[in-house]
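Participant: The structure that follows is given in the form of structure tokens.
The values are calculated or read from the model by the stated rules, or taken from the named source; none is laboratory data. These numbers come from a predicted model, not from an experiment. Note that each Cβ is placed from the backbone with ideal geometry, even for glycine, and that neighbours are counted across all protein chains shown. Surface accessibility is based on the protein's heavy atoms, side chains included, excluding ligands, DNA and RNA. Shrake-Rupley method; radii C 1.70, N 1.55, O 1.52, S 1.80 Å.
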Amino acid sequence: MPDGPAGGARPLPAPPDPFAPARLGPLTLRNRLLKAATFEGRTPEGLVTDELVAFHRDIAAGGAALTTVAYCAVAPEGRTERRQIVMRPEAAPGLRELARAVHGEGAAVAAQLGHAGPVADARSNRAQALSASRRLSPLSGRFARAATEDDLARVVRGHADAAELAAECGFDAVELHFGHTYLIGSFLSPRLNRRRDGWGGSLPARARLAREVAGAVRERVGDRIAVTAKLNMTDRVRGGLTPEDALRAARLLERDGHLDALELTAGSSLQNPMYLFHGPPPVAEFARAMPQPLRLGVRLFGRAFLRHYPYEDCYLLPLARRFRAALGMPLVLLGGVTGNESVARAMGEGFDFAAMGRALLMEPGLVRRMERQAREGGPAARSACVHGNACMPTIYTRTHCPLADLRR
Ligand SMILES: Cc1cc2nc3c(=O)[nH]c(=O)nc-3n(C[C@H](O)[C@H](O)[C@H](O)COP(=O)(O)O)c2cc1C
């Protein structure tokens, strides 16, 4: 009897070499390791600064195939707070310079495009926030209003305009933010979306905004750049987006064919932020970063809001595996990817790319170190990040890893 699997099961193809070039839509990336968006806190005037350019140049020089410029808003009220880039002609010269700097180090660059919806701080933005349905924002103490048809048309167009601007500025990709209960995530969530019009109720109606945004972006940029989306697999909130509905949304997006890949995430910046990260919540550090009276609120209620999900490497893999089994399109594994071993797991389970946030905040050169280990042997390279989340509250000043500062 010949060797091989019984019962007609097809053998899994050998996992790809994570350090060999790979296709992402129209792009050829130098490897399969991506820098996930981590808001940099380096845009006090809402424009690219030398510090932001240096941040992404360091990531590119450190070996990642693609670095993601976090959170470029498609409308002024769609910033999470005032100090963020709104994609507009005034931002173009800085974006161009940033793209040039990243390309100079041999990497590609993506802009994360999004509308923060109910996560936006209306007080800071001096503009009322939008959501699927009207709701009080605990952050600003103000009501986000239900988006009107005109708002939604403007938001869809805003994503297409922003993608076109990114392409014109030399960006290689855009990542559409469909996660974390930002505006598009608020439509996906049955808890936040109580609409009775064509944008609420059934899953296809709740996924309509995501699909229209993906379609409008693709139509505008064609194959000039890659278009990906960061999609929640669950909000992990009672009454929120479930894995079953998220999977149905992913299937619809796959069928539409506008996206080159999905990056899989989870949690809600509004209702359950720690699920994004796992690991201990940095309550005291968060409180210190807040002005009064929010500081007192975080001290008193922070532990209820910032729950502790124990950290382990590849903590989103158990959920992401279900998406991998059900979808044929390229998928990016995110969440606790920290070194050679976790990347090997991602590749072995059929993911096309692996993305890293905190590990590269701590050590921008980690990918080079991992690559050296893969080529030359020796112990597997692993980030020294302890996933204590001390980096999270630094978004309010200048995002960095406080532990890396201590080790210097
Ligand atoms: C300081 C910080 C800022 C972040 N900012 C963003 C952001 O702007 N947009 C986003 O989609 N995710 C953001 N994230 C989430 C990361 O992209 C990623 O989903 C999360 O950190 C889990 O990946 P990791 O385990 O590799 O860190 C941020 C994470 C951190 C730590």
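Participant: From the list L241, L188, L276, pick out the single residue that is in contact with a Ser or Thr (Cβ under 7 Å, 6 or more places away or on another chain), closer than 21 Å to A355 by Cβ and open to solvent by less than 10 Å² (accessible area, probe 1.4 Å).
Facilitator: Sole residue among the options that is in contact with a Ser or Thr (Cβ under 7 Å, 6 or more places away or on another chain), closer than 21 Å to A355 by Cβ and open to solvent by less than 10 Å² (accessible area, probe 1.4 Å): L241.
Participant: Under 6 Å between Cβ atoms, at least 6 apart or on separate chains: pull out the pairs that start in region 180-206 with a residue that is in a loop (DSSP other than H, G, I, E, B) and end on any residue that is of a type in the set (K, R).
Facilitator: The qualifying pairs are N193/R206; W199/R208.
Participant: A further question on this structure: Can you tell me which residues in region 131-147 are in contact with a strand residue (DSSP E or B) (Cβ under 9 Å, 6 or more places away or on another chain) and either open to solvent by 60 Å² or more (accessible area, probe 1.4 Å) or in a loop (DSSP other than H, G, I, E, B) (or both)?
Facilitator: Answer for region 131-147, where residues must be in contact with a strand residue (DSSP E or B) (Cβ under 9 Å, 6 or more places away or on another chain) and either open to solvent by 60 Å² or more (accessible area, probe 1.4 Å) or in a loop (DSSP other than H, G, I, E, B) (or both): A132, S133, R134, L136, S137, R142, F143, R145, A147.
Participant: Another question about this same structure. Of (1) more than 21 Å from F277 (Cβ to Cβ); (2) under 14 Å from the mean Cα position of the chain (by Cα), G179 satisfies all except one. Which?
Facilitator: Tallying (1) more than 21 Å from F277 (Cβ to Cβ); (2) under 14 Å from the mean Cα position of the chain (by Cα), G179 fails exactly one: (1).
Participant: Which of the residues spanning region 288-318 are under 30 Å from G25 (Cβ atoms) and either among the polar types (S, T, N, Q) or open to solvent by less than 30 Å² (accessible area, probe 1.4 Å) (or both)?
Facilitator: C314, Y315, L316, L317
Participant: While we're on this one: Taking G377 as meeting all but one of (1) away from the ligand (no atom under 16 Å from the Cβ); (2) at pLDDT below 95; (3) open to solvent by 50 Å² or more (accessible area, probe 1.4 Å), write down the number of the exception.
Facilitator: (3)
Participant: Which condition number does G328 fail, the rest of (1) outside any helix (DSSP H, G or I); (2) within 16 Å of the ligand (Cβ to nearest atom) being met?
Facilitator: (2)
Participant: Output the residues belonging to region 380-399 that are of a type outside the set (G, A, S) and either open to solvent by less than 50 Å² (accessible area, probe 1.4 Å) or farther than 18 Å from P280 by Cα (or both).
Facilitator: If the condition is that a residue be of a type outside the set (G, A, S) and either open to solvent by less than 50 Å² (accessible area, probe 1.4 Å) or farther than 18 Å from P280 by Cα (or both), then R382, C385, H387, N389, C391, M392, P393, T394, Y396, T397, R398, T399 are the ones that fit.
Participant: Got at least one residue in region 109-130 being free of Cβ contacts under 8 Å to residues at least 12 places away in the same chain and either away from the ligand (no atom under 16 Å from the Cβ) or in a strand (DSSP E or B) (or both)?
Facilitator: No; the residues of region 109-130 include none that is free of Cβ contacts under 8 Å to residues at least 12 places away in the same chain and either away from the ligand (no atom under 16 Å from the Cβ) or in a strand (DSSP E or B) (or both).
Participant: Any chance region 352-369 includes a residue that's within 14 Å of the ligand (Cβ to nearest atom), under 22 Å from V69 (Cα atoms), over 18 Å from the mean Cα position of the chain (by Cα) and open to solvent by 40 Å² or more (accessible area, probe 1.4 Å)?
Facilitator: yes
Participant: Return the residues of region 18-38 that are in a loop (DSSP other than H, G, I, E, B) and within 16 Å of the ligand (Cβ to nearest atom); say none if nothing qualifies.
Facilitator: If the condition is that a residue be in a loop (DSSP other than H, G, I, E, B) and within 16 Å of the ligand (Cβ to nearest atom), then P18, R32, A36, A37, T38 are the ones that fit.
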